[in-house]
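Structure, as structure tokens:
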Amino acid sequence: MTRIIRKRRERAGGDSGAALVEFALVLPIITVLLLGIFEYGNLWRQVGTLERAAQQGARTVTQQADGRFADYEALRSVDSATRGMSGVEVTRVIVFRPADADGTLPAGCLGGSVAGTCNTYTGAQARTVNPSGFPTAGGSSNPTCAGGSWDQGWCPTTRPRSDTSPMQVGVHVTIEYTPVTGLIPGPTLEVTRQAVYQIEPCSRGQSTC
């Protein structure tokens, strides 16, 4: 009987050691999986916020399409929507006229503003709450895009709010996401989202409200 008990104890001790070895082998895999779930879950949440920011900016700019400060208000909307994002930096915001009916961003706008097509803003410009970058030339009586104005490439006052020839306007937002766990390659990951809406028209036959 003593021998049987001793063998059972030896067998139990061996099973415990094997379990520890197996756990040590599996632990790194479990850790990577958990970190991956956290990292990609966090990134997915940030992308969702980015999409809503682009939509909010596009709605704002189309509702104030022929207003002198339409782009400024759109930037404020994007800034407000992205302020709570952690580990994220807004690097570029583009207010653009789509290249086609599918809402395609004109390629040239990625390099800067294009006359009659888009206004490209830096992250710093998008974050500012000071409207001094959008001068009104002669004041409210002359609400044109003066030389040097951030939105002079595609002045908001040239975007008709016509019900007969509707125009679309899009807002394209770029962010740099800094990974938390290091599982995503590179120090940062660039993510872009955009939204395109049709300008709300004025009364029938009018191009400005």
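The values are calculated or read from the model by the stated rules, or taken from the named source; none is laboratory data. This structure is a prediction, so every number in the text was calculated from the model and none was measured. Positions of Cβ are generated from backbone atoms using ideal geometry, with glycine treated the same way; all protein chains shown enter the neighbour counts.
Inside segment 157-197, residues that are modelled with pLDDT under 90 and buried (at least 20 other Cβ atoms within 10 Å of the Cβ) make up a count of 2. Just so you know, in segment 19-71 the residues that are hydroxyl-bearing (Ser, Thr, Tyr) and over 13 Å from Val173 (Cβ atoms) include one that is surrounded by the most Cβ atoms within 10 Å (Cβ to Cβ), and it is Thr62.
Filtering Ala54, Ala126, Ala99, Ala146 for residues that are aliphatic (A, V, I, L, M), within 20 Å of Ala195 (Cβ to Cβ) and in a loop (DSSP other than H, G, I, E, B) leaves a single hit, Ala99. Hey, among the residues in segment 1-57 that are over 23 Å from Met85 (Cβ atoms) and among the polar types (S, T, N, Q), which one's modelled with the lowest pLDDT? Restricting to residues being over 23 Å from Met85 (Cβ atoms) and among the polar types (S, T, N, Q), the top hit is Thr2. Against the condition touching an Asp or Glu at 6+ places or on another chain (Cβ under 9 Å) and over 14 Å from Gly170 (Cβ atoms), how does Thr136 come out, does it pass? No; evaluated as a whole, the condition is false for this residue.
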